[in-house]
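Every number here is computed from the coordinates shown, using simple stated rules; none is lab data. The model shown is predicted, which means the values in this text are computed figures rather than measured ones. When we count neighbours, we look across all protein chains shown, and the Cβ atoms used for this are built from the backbone with ideal geometry, even at glycine.
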Amino acid sequence: MNQRVVITGIGIHSCLGNSVDEVTDSLYQGKSGIVLDQDRKTFGFRSGLTGSVTLPNLKGKLGRRDRVGLSEEAIYAYEATLQALEQAKLDTDFLEKNETGILFGNDSSAKAVMQAIDLIREKKDTTLLGSGSIFQSMNCTVSMNLSTIFKLKGINFTISAACASGSHSIGLGFHFIKSGMQDRIICGGAQEVNPYAFGSFDGLGAFSIRENEPQQASRPFDRDRDGLIPSGGAATVILESLESAQKRGAPILGELVGYGFSSNGEHISNPNLDGQVRALNMALKQAQLDAKTIDYINAHATSTQVGDTFEARALDQVFGEHRPLISSTKSMTGHECWMAGASEIVYTLLMMNNDFVAPNINFANPDEDSAKLNIATETTETNLNCFLSNSFGFGGTNSSLIIKKFKN
């Protein structure tokens with residue numbers, strides 16, 4: 001089978017806002033969600049910069065039995081998924097009676113693990129952890145909790161692929177639906193924002209220390225960038241076969257047409273030009289599109305020297321002749337890590353459906369590689385028919401997704 005795959009719902013809970021309307025406005029305004037968190041400095045962090053994400057209170061919204069198993073990132077994911085299900089016109093009764101899957105990107109549940117260990121050390125009694133601890137601390141905390149809460153009966157597992165986790169979840173969902181194995185899948189990515197999750201990154205010196213100007217600290221592609229900024233939250237993207245979506249009368253926000261992936265097979269943390277180029281070309285080949293068809297690229301660019309350099313070279317190699325608009329929404333959000341591949345699909349769908357490209361803020365001084373790219377330095381009102389989003393992660397995992405405006 002060769003089913004067409006469309007997007008019928010999106011949800012977002014991030015440092016740019018807690019709804020698609022809030023986030024759309026932040027993207028259009030070029031508004032940063034980065035702050036200086038003094039608690040991180042007290043905790044021992046070299047950098048106190050982070051995305052500011054509010055933790056929802058689910059009392060009165062969700063019963064205690066369901067709440068106790070939710071980790072921080074699963075709470076964010078629940079909120080984002082509620083939004084996406086509502087937009088897609090999917091209620092719990094429908095989900096219980098019609099097979100629907102879930103594939104979520106997540107690569108840590110550090111806070112839940114640390115809290116459990118600290119309690120055992122203090123009390124010397126594991127029985128005090130309570131029944132929810134295990135479900136909060138497992139890496140599949142999002143998919144196991146949401147599949148239970150929403151009574152999902154389809155494919156159900158977590159994709160753990162570093163900072164490409166959210167993107168790969170959407171790519172795998174694409175193939176499950178394209179092949180006819182599922183009619184619809186709840187895909188996405190989630191990222192906890194607490195210090196436990198990021199201490200090792202900080203210890204590597206990966207974070208910006210531009211603490212005197214937090215909102216100017218994330219500078220993808222800029223010559224003066226000095227590191228990434230951690231952030232998080234959750235993003236949900238509901239994929240559905242075109243046949244299923246049309247049968248239900250669901251809204252169609254875009255059509256997923258290409259998924260490219262690769263592994264660098266080299267250094268565990270440094271990027272690789274060949275691997276990124278192969279992922280980009282695979283996505284274009286699968287979508288049966290020429291490079292000139294891509295109107296806009298939401299780059300992975302995290303604001304690190306080596307990462308931005310290799311991506312700029314890869315983009316120039318594949319798209320240099322055509323010069324599509326490029327920006328990195330991480331300039332506003334910081335690096336949302338495990339959720340980034342999903343949130344950046346949400347961000348770019350919002351741009352496509354509202355006819356603008358969000359700016360790559362804080363881009364003032366190009367280097368020799370970024371100078372070759374057509375980087376949007378301010379909000380650009382334009383009609384987007386087709387976009388590509390990149391996600392690259394530790395271990396050399398690469399993912400590129402292509403989405404078009406839907407046409408019958």
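Highest first, please rank the peptides 224-230, 16-22, 116-122 by the mean number of other Cβ atoms sitting within 10 Å of their residues.
224-230, 16-22, 116-122
Hey, with R₀ at 45 Å, roughly what FRET efficiency would ASP226 and THR126 work out to, going by the Cβ-Cβ distance, to 0.05? Don't skip to the answer; put the middle values down first.
Values: r = 43 Å, r/R0 = 0.96.
Once the sixth-power term is evaluated, E becomes 0.55.
Quick one: pull the percentage of alpha-carbon pairs in the stretch 257-404 with a separation above 18 Å.
The share of Cα pairs beyond 18 Å in the stretch 257-404 comes to 51 percent.
Let me see the pair-distance distribution of the stretch 5-248: every alpha carbon pair, 10 Å bin width, integer percents in order.
8, 29, 34, 21, 8, 1
Please give the calculated 222 nm ellipticity per residue for the chain, where each DSSP H segment of at least 4 residues contributes -39500 (n - 2.57) and the sum is spread over every residue; nearest 500 deg cm²/dmol?
Theoretical 222 nm ellipticity from helices: -10500 deg cm²/dmol.
With a Förster radius of 22 Å, plug the Cβ-Cβ distance of THR54 and MET114 into 1/(1 + (r/R0)^6) and report the FRET value to the nearest 0.05. Please report the intermediate quantities before stating the final value.
On the way: r = 21 Å, r/R0 = 0.97.
Between THR54 and MET114 the formula returns 0.55.
Between LEU70, LEU289, LEU253, which gets the highest mean-square fluctuation from a Gaussian network model of the chain, Cα cutoff 10 Å?
LEU289
Give the shape of the stretch 1-150 as rounded, prolate or oblate, defined through the alpha-carbon gyration tensor: a ≥ b ≥ c are the square roots of its eigenvalues, a/c under 1.5 means rounded, and otherwise the shape is prolate if a/b is larger than b/c and oblate if not.
Since a/c reaches 1.5 but b/c is at least a/b, the shape of the stretch 1-150 is classed as oblate.
So if each residue of separation counts as 0.36 nm, and I subtract the Cα-Cα distance between HIS175 and ASP93, what length gain in nm does that give?
That works out to 26.9 nm of additional length.
Can you give the extra length, in nm with one decimal, that the chain gains between THR42 and PHE406 once fully stretched, where that is 0.36 nm per residue apart less the Cα-Cα distance?
Details: separation 364, 0.36 × 364 = 131.04 nm, distance 4.96 nm.
Fully extending the segment from THR42 to PHE406 adds 126.1 nm.
So which of LYS285/LYS405; LYS97/LYS153; LYS31/LYS89 end up more than 20 Å apart, counting from Cα to Cα?
LYS31/LYS89
In whole Hz, what ³J(HN,Hα) sequence does the stretch 69-76 give by Karplus (6.51, -1.76, 1.60; θ = phi - 60°), x for Gly and Pro?
x, 8, 6, 4, 5, 6, 5, 4
Quick one: plug the Kirkwood hydrodynamic radius of the chain (C-alpha pairs) into Stokes-Einstein at 4 °C, 1.567 mPa s, and report D in µm²/s.
62 µm²/s
Sticking with the crude label model, points 7 Å out along Cα→Cβ, report the distance from ASN353 to GLN305 in nm, one decimal please.
Output for this residue pair reads 4.1 nm.
DSSP loop (so not H, G, I, E, B), at most 15 other Cβ within 10 Å: list which GluC sites (Glu not before Pro) in the stretch 331-408 pass both filters.
Values: sites: GLU336, GLU344, GLU368, GLU378, GLU381; in loops: GLU336, GLU368, GLU378.
Loop-located and lightly packed - GLU368, GLU378.
Normalised by the number of residues in the chain, what is the relative contact order in percent for Cα pairs under 8 Å and 6+ residues apart?
24 percent
Between VAL35 and LYS247, what length comes free when the chain is fully extended (0.36 nm per residue of separation minus the Cα-Cα distance, one decimal in nm)? Intermediate values should be presented prior to the final figure.
Numbers: separation 212, 0.36 × 212 = 76.32 nm, distance 4.50 nm.
Full extension of this stretch gives 71.8 nm more.
Please work out whether the stretch 97-239 counts as rounded, prolate or oblate from its C-alpha gyration tensor, where a ≥ b ≥ c are the square roots of the eigenvalues and a/c under 1.5 means rounded, while otherwise a/b larger than b/c means prolate and anything else oblate?
oblate
When each pair of different Cα atoms in the stretch 163-232 is counted once in the 1/r mean, what is the Kirkwood radius in angstroms, to one decimal?
Computed over Cα pairs of the stretch 163-232, the Kirkwood hydrodynamic radius comes out at 14.8 Å.
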